1. Kindly provide the set of residues from region D:59-75 that are within 12 Å of DNA strand F (Cβ to nearest atom), closer than 12 Å to D:Leu32 by Cα and not hydrophobic (A, V, I, L, M, F, W, C), ordered by number.
2. Any residue in region C:63-90 that is free of Cβ contacts under 8 Å to residues at least 40 places away in the same chain sitting within a Cβ distance under 6 Å of a residue that is away from DNA strand E (no atom under 16 Å from the Cβ)? List the pairs, counting only those 6 or more apart or interchain.
3. Would you mind finding the one in C:Ala89, C:Ala100 that is surrounded by 17 or more Cβ atoms within 10 Å (Cβ to Cβ), more than 13 Å from DNA strand F (Cβ to nearest atom) and of a type outside the set (Asp, Glu)?
4. For region C:42-64, indicate whether the set of residues that are surrounded by 19 or more Cβ atoms within 10 Å (Cβ to Cβ), within 30 Å of C:Leu149 (Cβ to Cβ) and outside the structural domain of C:Val173 (by TED's automatic domain parsing) is non-empty.
5. I need a count of the residues in region C:150-200 that are surrounded by 17 or more Cβ atoms within 10 Å (Cβ to Cβ), without any contact (Cβ under 8 Å) to a residue 24 or more places away in the chain and away from every other protein chain (no Cβ under 11 Å).
6. Exactly one condition in (1) on the phi > 0 side of the Ramachandran plot; (2) modelled with pLDDT of 95 or more is not met by B:Lys107; state its number.
7. Given (1) closer than 25 Å to A:Met28 by Cβ; (2) surrounded by 18 or more Cβ atoms within 10 Å (Cβ to Cβ), identify the lone condition not met by A:Glu83.
8. Report, by residue number, each residue of region A:140-164 that is assigned to a helix (DSSP H, G or I) and touching a helix residue (DSSP H, G or I) at 6+ places or on another chain (Cβ under 6 Å).
Number of protein chains: 4
Amino acid sequence: MAPEATRTATGGAPAQERELRAQGRKTMRKLLDAGMTVFERRGYHAARVDDIVKVARTSHGTFYLYFANKADLFRALVTEAAEEMAAHAASLGEVGADDAGYDELRKWLDRFVDLYRHYGPVVRAWTEADVEDSEFGRLGAQLLGDFALTLATRIRDSGRSPVHPQIAALAMVAMIERLNYYVLSRSIDIDRDEMIDTLAAIVHVGVFRGTARRPR
Amino acid sequence: MAPEATRTATGGAPAQERELRAQGRKTMRKLLDAGMTVFERRGYHAARVDDIVKVARTSHGTFYLYFANKADLFRALVTEAAEEMAAHAASLGEVGADDAGYDELRKWLDRFVDLYRHYGPVVRAWTEADVEDSEFGRLGAQLLGDFALTLATRIRDSGRSPVHPQIAALAMVAMIERLNYYVLSRSIDIDRDEMIDTLAAIVHVGVFRGTARRPR
Amino acid sequence: MAPEATRTATGGAPAQERELRAQGRKTMRKLLDAGMTVFERRGYHAARVDDIVKVARTSHGTFYLYFANKADLFRALVTEAAEEMAAHAASLGEVGADDAGYDELRKWLDRFVDLYRHYGPVVRAWTEADVEDSEFGRLGAQLLGDFALTLATRIRDSGRSPVHPQIAALAMVAMIERLNYYVLSRSIDIDRDEMIDTLAAIVHVGVFRGTARRPR
Amino acid sequence: MAPEATRTATGGAPAQERELRAQGRKTMRKLLDAGMTVFERRGYHAARVDDIVKVARTSHGTFYLYFANKADLFRALVTEAAEEMAAHAASLGEVGADDAGYDELRKWLDRFVDLYRHYGPVVRAWTEADVEDSEFGRLGAQLLGDFALTLATRIRDSGRSPVHPQIAALAMVAMIERLNYYVLSRSIDIDRDEMIDTLAAIVHVGVFRGTARRPR
DNA sequence: GATGAATGAGAATTCATTCAT
DNA sequence: GATGAATGAATTCTCATTCAT
């Protein structure tokens with residue numbers, strides 16, 4: 001289940017008022033992809049419609065045929081990312097104190113890293129856009145909430161953790177998201193498997209009071 | 001030792017070419033404080049020089065008497081913050097597996113939360129500015145590096161941790177910084193002490209393999 | 001062969017990155033012409049982009065669609081003028097000591113006066129811009145050099161002149177250019193033909209050691 | 001009779017309303033000299049009061065104690081220069097067709113080159129300021145007129161010249177002034193004596209119908 | 001559907017001049 | 001007399017958005 005498979009590409013406001021044919025859908029996709037590229041390169045604020053349009057090899061006029069404005073395109077990307085992330089959060093199974101629990105956790109983290117590698121640019125630009133635009137803030141808060149809620153449930157279910165489940169869940173999200181961010185944005189050179197091992201070990205022992213021998 | 005005590009207020013480029021008298025230094029401080037306020041409110045990008053000037057109750061021209069531009073003022077703030085943060089990182093003592101180790105960790109976190117409450121606006125705006133301006137990126141990467149290095153040393157010194165010290169250190173920073181960020185920016189309502197307890201517990205057990213009974 | 005015939009209208013930096021259609025080229029021409037008008041009226045420094053835009057009956061934004069800034073537009077005008085001037089310098093034929101030599105010289109001067117009447121505004125603004133902007137200085141020095149070189153060759157070829165050919169050539173340029181400048185800028189009231197006669201006579205006798213009877 | 005000897009240093013408007021003591025006069029002279037330096041370096045427009053004040057090692061406030069504004073200081077310099085120039089123009093004696101005439105002309109030119117080397121910066125900035133500010137334009141037109149009138153009289157007096165005396169006089173001024181300008185501003189490398197010889201030869205033969213053998 | 005051209009509000013920056021000490 | 005500080009009008013330039021073809 002590669003991220004690409006589920007791309008919904010809802011499209012912006014103007015596009016939803018019209019029927020899109022094959023060509024139209026293609027143009028819209030080009031713009032979305034270009035947006036991704038540009039937001040990654042320059043962040044949300046510094047990204048200009050002009051940049052996006054150039055990368056997509058279309059014109060200014062065309063852009064506004066599909067999206068109401070820059071925020072509209074961004075919202076489409078963010079929504080796509082948020083849905084994938086939320087789905088992923090829910091996919092974490094029971095995390096026992098034993099090796100099986102560790103494995104479940106590790107597998108889940110592994111998948112997260114994939115997702116983040118794909119949607120990272122959006123998530124990062126999001127953090128940035130967030131500050132002023134309360135709309136993105138709300139979207140983000142909700143995603144964060146959903147994400148943390150699922151984890152909190154798993155922590156509480158484990159019945160072992162002496163820590164505050166909600167806070168611990170948020171702390172976990174913080175650690176996982178931000179470490180990935182550091183690695184991607186600062187080009188810190190960390191071995192992917194080692195990173196996942198470390199995260200899994202800290203979370204399993206620190207949050208789920210795992211007792212399994214450290215693997216590898 | 002409140003943060004205010006050590007404020008160095010280096011000042012921007014134009015201010016460093018002149019020697020400032022009392023009044024000048026006062027005005028510069030007003031501008032720095034106003035910058036803090038505005039960056040907090042609107043983030044780095046959305047902050048306009050005009051906003052800062054209004055908050056500081058000075059004129060446009062005056063601003064440029066002390067700082068070359070918005071980035072220059074921000075750099076002054078960032079430098080101030082970075083110095084404090086780095087100093088704090090270095091202040092973490094040995095973290096044993098016992099209660100004393102836990103206490104050391106908790107005390108250190110407690111102090112961090114204070115610092116972050118003060119400099120948070122800067123750190124957050126920093127993350128945002130970072131994307132385009134590589135200068136801030138470098139400053140940030142360096143601070144992150146310094147911070148993580150100190151922690152990695154403590155982890156390695158503890159001799160107990162089966163996790164990769166450098167990665168674990170980065171993960172710790174990520175968790176601590178980001179959880180504070182969530183709390184401050186999303187106005188998530190978490191009790192300060194509980195948050196510190198939780199962070200201390202996760203790190204002590206997860207990273208330092210602490211064995212102490214959960215306090216409280 | 002009126003000056004208008006050869007207008008190349010190279011255009012400024014931004015315009016060269018796109019390909020212009022008919023409308024675009026027209027707008028660019030409007031801006032160039034407006035620039036000429038405004039530089040003539042107020043000189044290089046006092047000319048504001050706003051003035052140019054008003055004369056061209058376009059908007060501010062449009063200006064920057066075609067030129068990077070005032071200097072960029074000016075450079076386009078200067079280049080145009082420099083090319084014409086250089087071509088004209090090269091068109092001076094052999095100048096003998098007899099009446100034919102005088103006639104050649106006079107014809108050439110006559111044409112120069114036409115050219116200068118057209119490009120004078122640019123040349124004058126150039127002198128002014130020159131002081132600070134070394135780029136224009138270089139362009140000007142080169143044009144001056146080209147111009148003088150051609151004349152120096154003619155002087156040397158004449159074989160009669162006891163004066164230093166290069167210095168004499170520069171002196172000629174100085175006299176011709178500056179007298180035209182005085183006449184145009186100070187609105188000194190001199191009869192065009194008399195001016196040309198006088199210049200021709202001085203140069204023919206003073207530089208080429210002409211022996212022809214004074215014409216008219 | 002070096003230029004320095006006759007410096008009148010009239011001073012700007014504000015200075016004339018007060019009595020100046022020794023210190024005051026010294027400060028004013030510092031500002032005038034600094035103005036000269038800065039106008040030479042950057043031209044009239046680009047020269048900022050700030051530059052002048054820095055070179056003079058005084059403050060902004062002090063500047064306005066002596067001059068009403070930038071133009072006021074410039075006017076003081078220009079007046080000084082204009083007086084010297086006018087006096088020099090008048091000093092040209094009778095120019096005969098023989099060697100003595102040539103010598104008179106040459107001596108006069110020699111002195112002019114000295115003067116121009118000193119006041120050149122002012123004259124050049126003047127040309128530039130002239131474009132917009134009609135006050136300087138008038139001053140310049142008057143100087144030019146005075147200068148040319150004197151020469152025209154000498155030309156007419158010589159009784160030999162078949163050229164139009166007034167036009168020829170203007171042409172002479174143009175040539176002399178501009179060649180010096182080229183040499184000073186473009187740092188064209190011409191031997192001073194050769195330049196004077198050439199100018200003298202062209203003018204003597206071309207304007208005064210001199211018959212003397214070319215000297216040197 | 002698509003495109004190049006045009007627009008203008010908004011933000012940054014400079015610098016001559018005035019002011020308070 | 002002298003000075004550093006403050007001011008704000010004037011300009012330049014950018015870029016999201018609309019328009020005409």
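The values are calculated or read from the model by the stated rules, or taken from the named source; none is laboratory data. All values reported here derive from a predicted model rather than from experimental measurement. Ideal geometry is used to build each Cβ from the backbone, glycine not excepted, and the neighbour counts take in all protein chains shown.
1. Answer for region D:59-75, where residues must be within 12 Å of DNA strand F (Cβ to nearest atom), closer than 12 Å to D:Leu32 by Cα and not hydrophobic (A, V, I, L, M, F, W, C): just D:Tyr66.
2. Cβ pairs passing all conditions: C:His88/C:Leu115.
3. Going through C:Ala89, C:Ala100 in turn, the sole match is C:Ala89.
4. Yes - at least one qualifying residue is present in region C:42-64.
5. Residues that pass the stated criteria total 1.
6. (1)
7. All conditions pass for A:Glu83, except number (2).
8. Answer for region A:140-164, where residues must be assigned to a helix (DSSP H, G or I) and touching a helix residue (DSSP H, G or I) at 6+ places or on another chain (Cβ under 6 Å): A:Gly140, A:Leu143, A:Asp146, A:Phe147, A:Ala148, A:Thr150, A:Leu151, A:Ala152, A:Ile155, A:Arg156.
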